[in-house]
Structures are given as structure tokens and as C-alpha cells.
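Enquirer: Okay, handing you the structure first.
The values are calculated or read from the model by the stated rules, or taken from the named source; none is laboratory data. Everything numeric here is computed off the predicted structure, so don't read it as measured data. Cβ sites come from the backbone with ideal geometry, for glycine too, and all protein chains shown count toward neighbours.
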Amino acid sequence: MSKIDEILALARSRSKDWAYQGAVTPAEAYELLSLENAVKLVDVRTNAERDWVGRVAIPEAQHSAVQWNIYPGGVANHAFIEQLNSVARKDQVILFLCRSGVRSRGAATLASEHGYQHCYDILEGFEGDKDEHGHRKHINGWCHAGLPWIGA
């Protein structure tokens, strides 16, 4: 079994009868991206979040941004699937990333319901959970794991 197959099997084992395949940790997501350039990370945070908080620092060909909600206002992006269709193939492994792992679950679910076959949520998200002071990036998430990112 290849390392990619091992990571995806572990991700599938975390599934709780979800519509999508499973969930990976930020470190597993980064490892998948470094092992296989066909894997796509889709950042579903708002453009404002990426501009003001930061973004992943991985090869441009391996990641895209498709907002789950539109800023300002937090209105649902009704063109989400149409926009996803323009950046990802239905047969490739897609890793969905948001701030803390909530919107990415919704995105993985919706994409799976529209025929995307290999959708995975990135647990903990980009910034992770809030600490006792209400701040993120201190407990878990992509940034806390020390994975490459570019600050705002």
C-alpha cells in the first residue's frame, strides 16, 4: 500500500457516514499534496479571510479558492459548484479547507452530492479552534502545525 493510499484509508476511517469520503489532518493534507501533484486543495474561506489572515503556501497549480460564503454579509455562494467545476475535476482527490473545519465539511458534502468522487475535509482548518482568549492559530490547524503559509 502506498503512502497516499495509507493516508486516504485513515481519512476514510474517520468518516461517520458522511456524504464525502473522509477527513485528513492538516499535516496529512500537506503530505498528500507533497506526494501527488494531482491532489487539489480548495480553500473555501472568503476572499477577505485569505487577504487579511493568510493563505496556504503550496504550488499554485495545487490549490484554488472557491468561496463557500460571500463577504461581506456571509451570504451563501450559490455559484459554488459552478466555480468548483472550473478549478477541479470530479475524479481527483479534493481537500477542502476553511478557517476551523466547519465550512469545509459543507463544501465536501455538496461537492460529493454533485458527483465529485474523492472529497475530503481538512480537520481543524487553516486557523484552528479558539484558545481561552478567543484567539486562533494557537491550538490546532494548518498554521499551528507549522505548515507553509503566507501571512496577510
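Enquirer: Return the residues of the range 110-130 that are of a type in the set (G, A, S) and part of a helix (DSSP H, G or I); say none if nothing qualifies.
Expert: A111, S112
Enquirer: Further question on the same structure: Please give the number of the condition L147 fails out of (1) on the phi < 0 side of the Ramachandran plot; (2) without any contact (Cβ under 8 Å) to a residue 60 or more places away in the chain.
Expert: Of everything listed in (1) on the phi < 0 side of the Ramachandran plot; (2) without any contact (Cβ under 8 Å) to a residue 60 or more places away in the chain, L147 misses just condition (2).
Enquirer: Tally the residues that are out of contact with any Ser or Thr (no Cβ under 9 Å at 6 or more places or on another chain) and either surrounded by fewer than 17 Cβ atoms within 10 Å (Cβ to Cβ) or modelled with pLDDT under 95 (or both), restricting the search to the range 109-136.
Expert: Residues meeting the conditions: 10.
Enquirer: Another one. From the list G106, G74, pick out the single residue that is modelled with pLDDT of 95 or more, under 27 Å from R136 (Cα atoms) and either crowded, with 22+ Cβ neighbours inside 10 Å or not hydrophobic (A, V, I, L, M, F, W, C) (or both).
Expert: On the way: G74 fails: modelled with pLDDT of 95 or more.
Sole residue among the options that is modelled with pLDDT of 95 or more, under 27 Å from R136 (Cα atoms) and either crowded, with 22+ Cβ neighbours inside 10 Å or not hydrophobic (A, V, I, L, M, F, W, C) (or both): G106.
Enquirer: Need a quick list: helices (runs of 4 or more DSSP H) entirely within the range 1-109 having at least 1 residues that are touching a Phe, Trp or Tyr at 6+ places or on another chain (Cβ under 6 Å) and under 17 Å from F126 (Cα atoms).
Expert: Values: elements: 3-13, 26-35, 47-52, 80-85.
Answer list for the range 1-109: 26-35, 47-52.
Enquirer: Restricting attention to the range 1-11, and to residues there that are over 15 Å from the mean Cα position of the chain (by Cα) and surrounded by 14 or more Cβ atoms within 10 Å (Cβ to Cβ), which single residue is modelled with the lowest pLDDT? Give the derivation first.
Expert: To start, the set of residues in the range 1-11 that are over 15 Å from the mean Cα position of the chain (by Cα) comprises 1-7, 9-10.
Remaining after also requiring surrounded by 14 or more Cβ atoms within 10 Å (Cβ to Cβ): 4, 7, 10.
On the way: I4: 94, I7: 97, L10: 97.
The extreme case among them is I4.
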